[in-house]
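Enquirer: Structure provided below as structure tokens; questions to follow.
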């Protein structure tokens, strides 16, 4: 059985390294466990304190009478082995070793200590995450062991990472984009549990709809390919790899003790494995959100709908750059579209509605396009928000009435627009410069429509959806 | 004389197309002129209304007794010529024709109308922006003629664009990133004033420190190259070009009536012109902000400072991908750095401070690196914000005291850190996942340090700074 199935769902956690001194890493992590809303039991272990943050503290895990499911060790390197030994004796089956100072130091002493903790774990049939990691996040039980407060729990995105920062520090970035995060695993040095285990685990985890990987090295390439191919049949996997340059490789070694390979080698490995490659964390998140909520298109023919020339042209340009097509519509489709839009609009592909305030037309247009058989997906620009009225309402009572009167119907309209892609099994991606603070954009995102502030990002996310279609097709034709 | 010198600084504006009906485009634009804080005189022109938004309305511009510096025409296409004719008779020297329906329709009628308005303008020695545009924004006189409220006035970035959306709709995106905008010109169909005029104008405009161009076509290539070369000696120019694909080109024609050329042609034109190319609007804004506030490096050797392995490795990787270098430091420099950081940090390049809460070390490190002669610029990850304490302060009185006590010194520290690049004439770019809402990030931005949420964006912005160094060198060696 995959050890993560139990490790990710502890009912009780013992925490080493927390105290009543707020600026210690262990204290920060315990605080976040408590404040994020974990409902299980939490036992601080401390050599001297009687009570830590209102919880009774124990001098050793052996003194705890209840069963401890998971040990979280945030300790100086040299005392980790002893604590782990006690965990083993106490029958704890899973441990997260947050402490650094092991193999990643590239010092002989660190390497030996890492061997030692692995030997202790094996002897007691204990499974480890880390060392040199930030641990886990699991929305299903409101558990976050990381140093960063207030993770945006929820959604369908899972991530496993050889960098703790990329599973935790990114919370504010995700929040600013309205992106939620379902589960994360920071694997650190991968002394025991590694990325292969994580992918294998995420495959069977019900709420996970897309999987992201931050990779500096792959320690078990054959198993990685095998498990990714099995997983990608039902769940898309996106990876970023940052080892393949001279300085990147040097840094990566000092970071996780990993030997890296050139980009080309990894590109080919990812291609074999059915893994979509993103350039950086921000792009990976773009892809993961689209893949977690939009259907994948059966082809790359895209309709582009816009109410403004520049964004329409940019979407057409970047769609083609990204490997999509924006084919011209047939005369009969153009006829139908023209009836909806009126004579001022341009109903080629892109459709340019010009500055039309009738935003409600988007739904009709989308349904007509999806039903036409001429396109496999759509890119849309022209959503506007109530923020648009901010100056008008100061001058016109009528504008205030219009703005107030439209908020609810418009929100409902956007929610119904968001249903169109699912009901036609064709994806939709929206481009907008309005931020997450805009009610319109938040409504679309909450209804599972990805919104990006640039034509390039829209087009690349749509391309990732199409790439995933082809991956599924390839993998299913093999066996 | 460049017509924009006067056009951008009107003391009085006559506005056609505004009424007391709030949902009309002219009304929206007049509202925004008034609400953005323009201090000059504004004269609504309307055939029937006596008063519009509290301002006395005139039936014709000929009825206005004062001098009118600028005409803003937001009218149905067919009545534009008559209004312009009256402007000419009234001695108005400059007009912005917002109305569409001209050459961009690709209809004979529209082309003829565009010829006609140009003929009227020439006959009266009047200069035009548009038609089919959103007009101008000038922070210096708090003037914005566009349809979008609340532009983020200020800063040193100027933009000229063949898409109105890209000069106006982007305000919320800019605000969410803390970016200000000094001046914009939406040139529309460029019947008269074009991008060449805009670049020429921005060169002599004191507050403009970097220039962005959205381009679907260049109508006067020779003059474009010539004016850009002259301008780029002192002010960096960044362009995005979106005409060079089949669908992009089709769309662009319907949008501005422009014939486009393949990407390669334009790339070579931009290279000759000393123009930096960005992939899309978001990247252009990244570049423009860095170029508006950071010194350009004299070489591409970058120091990378981080307190976390993943971001450090990613910065090293993306710096090299972007065409920068992260060279290893000399033993003597490593010795000096090691004395500052203590034994746990890795002081190669990247420097990895590991999870060090002593953020104040960044300034010392930066000064040591800049003074070493071994690097030309720096990329930094590890700025943290008071937001970090959000959970801790709920549990620890001491954490509250620390958090409150550090806010002011930390803000002051960040402001002084932001001075280091200028005093050493070497650029600094910061990577952080904290958003603009974070006090720390806002402080850095306000003190002219660019902050980006990904290693790729940091590295590419830094590369743009270096590219500009080489452009200046090349242009100055020619003459």
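Enquirer: Please go through (1) assigned to a loop (DSSP other than H, G, I, E, B); (2) surrounded by fewer than 22 Cβ atoms within 10 Å (Cβ to Cβ) for residue A:163 and return the number of the only condition it doesn't satisfy.
Expert: Every condition holds for residue A:163 apart from (2).
Enquirer: Still on this structure: Does residue A:426 fit the bill of being assigned to a loop (DSSP other than H, G, I, E, B) and at pLDDT 95 or above?
Expert: For residue A:426, the condition - assigned to a loop (DSSP other than H, G, I, E, B) and at pLDDT 95 or above - is met.
Enquirer: Which residue, of B:192, B:200, is part of a helix (DSSP H, G or I), surrounded by fewer than 24 Cβ atoms within 10 Å (Cβ to Cβ) and either assigned by TED's automatic domain parsing to the domain that holds residue B:76 or modelled with pLDDT of 95 or more (or both)?
Expert: B:200
Enquirer: Does residue B:185 satisfy being in contact with a helix residue (DSSP H, G or I) (Cβ under 6 Å, 6 or more places away or on another chain) and either surrounded by 23 or more Cβ atoms within 10 Å (Cβ to Cβ) or at pLDDT below 95 (or both)?
Expert: yes
Enquirer: Looking at this structure, is residue A:414 under 28 Å from residue B:151 (Cβ atoms) and part of a helix (DSSP H, G or I)?
Expert: In short, yes.
Enquirer: Can you find a residue in the stretch B:26-38 that is touching a helix residue (DSSP H, G or I) at 6+ places or on another chain (Cβ under 6 Å), assigned by TED's automatic domain parsing to the domain that holds residue B:8 and closer than 27 Å to residue A:353 by Cβ?
Expert: Within the stretch B:26-38, one or more residues are touching a helix residue (DSSP H, G or I) at 6+ places or on another chain (Cβ under 6 Å), assigned by TED's automatic domain parsing to the domain that holds residue B:8 and closer than 27 Å to residue A:353 by Cβ.
Enquirer: Confirm whether residue A:346 is without any contact (Cβ under 8 Å) to a residue 40 or more places away in the chain and in contact with a helix residue (DSSP H, G or I) (Cβ under 9 Å, 6 or more places away or on another chain).
Expert: Judged against the criteria, residue A:346 is a match.
Enquirer: Listed residues A:284, A:325; which is crowded, with 24+ Cβ neighbours inside 10 Å and facing chain B (nearest Cβ under 10 Å)?
Expert: Within the list A:284, A:325, the selection yields A:284.
Enquirer: Looking at the stretch B:331-338, can you tell me whether even one residue there is at the interface with another protein chain (Cβ under 10 Å from one of its Cβ atoms) and either out of contact with any helix residue (DSSP H, G or I) (no Cβ under 8 Å at 6 or more places or on another chain) or at pLDDT 95 or above (or both)?
Expert: no
Enquirer: Right, another one. Checking residue B:93 against (1) within 26 Å of the chain's Cα centre (by Cα); (2) farther than 20 Å from residue B:134 by Cβ; (3) touching a residue at least 60 places away in the same chain (Cβ under 8 Å), which test does it fail?
Expert: Against the list (1) within 26 Å of the chain's Cα centre (by Cα); (2) farther than 20 Å from residue B:134 by Cβ; (3) touching a residue at least 60 places away in the same chain (Cβ under 8 Å), residue B:93 comes up short only on (1).
Enquirer: Any chance the stretch B:366-375 includes a residue that's part of a loop (DSSP other than H, G, I, E, B), in contact (Cβ under 8 Å) with a residue 24 or more places away in the chain, in contact with a strand residue (DSSP E or B) (Cβ under 6 Å, 6 or more places away or on another chain) and more than 9 Å from every other protein chain (Cβ to nearest Cβ)?
Expert: Yes: the stretch B:366-375 contains one or more residues that are part of a loop (DSSP other than H, G, I, E, B), in contact (Cβ under 8 Å) with a residue 24 or more places away in the chain, in contact with a strand residue (DSSP E or B) (Cβ under 6 Å, 6 or more places away or on another chain) and more than 9 Å from every other protein chain (Cβ to nearest Cβ).
Enquirer: Separate question: Of the residues A:116, A:93, A:111, which is within 24 Å of residue B:352 (Cα to Cα) and not assigned by TED's automatic domain parsing to the domain that holds residue A:226?
Expert: A:111
Enquirer: Out of curiosity, is residue B:64 in contact with a strand residue (DSSP E or B) (Cβ under 7 Å, 6 or more places away or on another chain) and either within 21 Å of residue A:388 (Cα to Cα) or surrounded by 21 or more Cβ atoms within 10 Å (Cβ to Cβ) (or both)?
Expert: So residue B:64 fails the test.
Enquirer: Filter the stretch B:107-129 for residues that are modelled with pLDDT of 95 or more and in a loop (DSSP other than H, G, I, E, B); which is nearest to the other protein chains (Cβ to nearest Cβ)?
Expert: Applying the filter and picking the extreme gives B:126.
Enquirer: So how many residues does the stretch B:301-318 have that are crowded, with 23+ Cβ neighbours inside 10 Å and more than 7 Å from chain A (Cβ to nearest Cβ)?
Expert: Counting residues in the stretch B:301-318 that are crowded, with 23+ Cβ neighbours inside 10 Å and more than 7 Å from chain A (Cβ to nearest Cβ) gives 7.
Enquirer: If you don't mind, there's one more thing I want to ask. Select from the stretch B:13-65 the residues that are in contact (Cβ under 8 Å) with a residue 60 or more places away in the chain and on the phi > 0 side of the Ramachandran plot and write down the one among them that is nearest to the chain's Cα centre (by Cα).
Expert: Restricting to residues being in contact (Cβ under 8 Å) with a residue 60 or more places away in the chain and on the phi > 0 side of the Ramachandran plot, the top hit is B:37.
Enquirer: So residue A:50 passes all but one of these: (1) surrounded by fewer than 23 Cβ atoms within 10 Å (Cβ to Cβ); (2) in contact with a strand residue (DSSP E or B) (Cβ under 8 Å, 6 or more places away or on another chain); (3) within 14 Å of another protein chain (Cβ to nearest Cβ). Which condition number does it fail?
Expert: (3)
Enquirer: I've got another one for you. For the structure I just gave you, tell me whether residue B:415 is more than 9 Å from chain A (Cβ to nearest Cβ), within 24 Å of residue B:374 (Cβ to Cβ) and modelled with pLDDT of 95 or more.
Expert: Answer is no for this residue.
Enquirer: Does the stretch A:377-390 contain any residue that is in a helix (DSSP H, G or I), in contact (Cβ under 8 Å) with a residue 24 or more places away in the chain and in the same structural domain as residue A:414 (by TED's automatic domain parsing)?
Expert: yes
Enquirer: Turning to a different aspect of this structure: Report the residue count in the stretch A:168-189 for those that are at the interface with chain B (Cβ under 9 Å from one of its Cβ atoms) and either under 11 Å from the mean Cα position of the chain (by Cα) or part of a helix (DSSP H, G or I) (or both).
Expert: 7
Enquirer: Among the candidates B:407, B:357, single out the residue that is farther than 25 Å from residue B:316 by Cβ and either modelled with pLDDT under 95 or within 14 Å of chain A (Cβ to nearest Cβ) (or both).
Expert: Unique residue meeting the criteria: B:407.
Enquirer: Something else: Tell me, yes or no, whether the stretch B:264-274 has at least one residue that is touching a strand residue (DSSP E or B) at 6+ places or on another chain (Cβ under 6 Å) and modelled with pLDDT under 95.
Expert: Yes, the stretch B:264-274 contains a residue that is touching a strand residue (DSSP E or B) at 6+ places or on another chain (Cβ under 6 Å) and modelled with pLDDT under 95.
Enquirer: Between A:23, A:1, which is more than 14 Å from residue B:395 (Cβ to Cβ), surrounded by fewer than 17 Cβ atoms within 10 Å (Cβ to Cβ) and modelled with pLDDT under 95?
Expert: Exactly one of A:23, A:1 is more than 14 Å from residue B:395 (Cβ to Cβ), surrounded by fewer than 17 Cβ atoms within 10 Å (Cβ to Cβ) and modelled with pLDDT under 95, namely A:1.
Enquirer: What is the one condition in (1) touching a strand residue (DSSP E or B) at 6+ places or on another chain (Cβ under 8 Å); (2) within 14 Å of chain A (Cβ to nearest Cβ) that residue B:420 does not satisfy?
Expert: Going through (1) touching a strand residue (DSSP E or B) at 6+ places or on another chain (Cβ under 8 Å); (2) within 14 Å of chain A (Cβ to nearest Cβ) one by one, residue B:420 breaks only (2).
Enquirer: Would you mention how many residues in the stretch A:443-459 are part of a helix (DSSP H, G or I) and in contact with a strand residue (DSSP E or B) (Cβ under 9 Å, 6 or more places away or on another chain)?
Expert: Total meeting the criteria: 6.
The values are calculated or read from the model by the stated rules, or taken from the named source; none is laboratory data. Computed from a predicted structure; not experimentally measured. With ideal geometry, Cβ positions are generated from the backbone for all residues, glycine too; neighbour counts draw on all protein chains shown.
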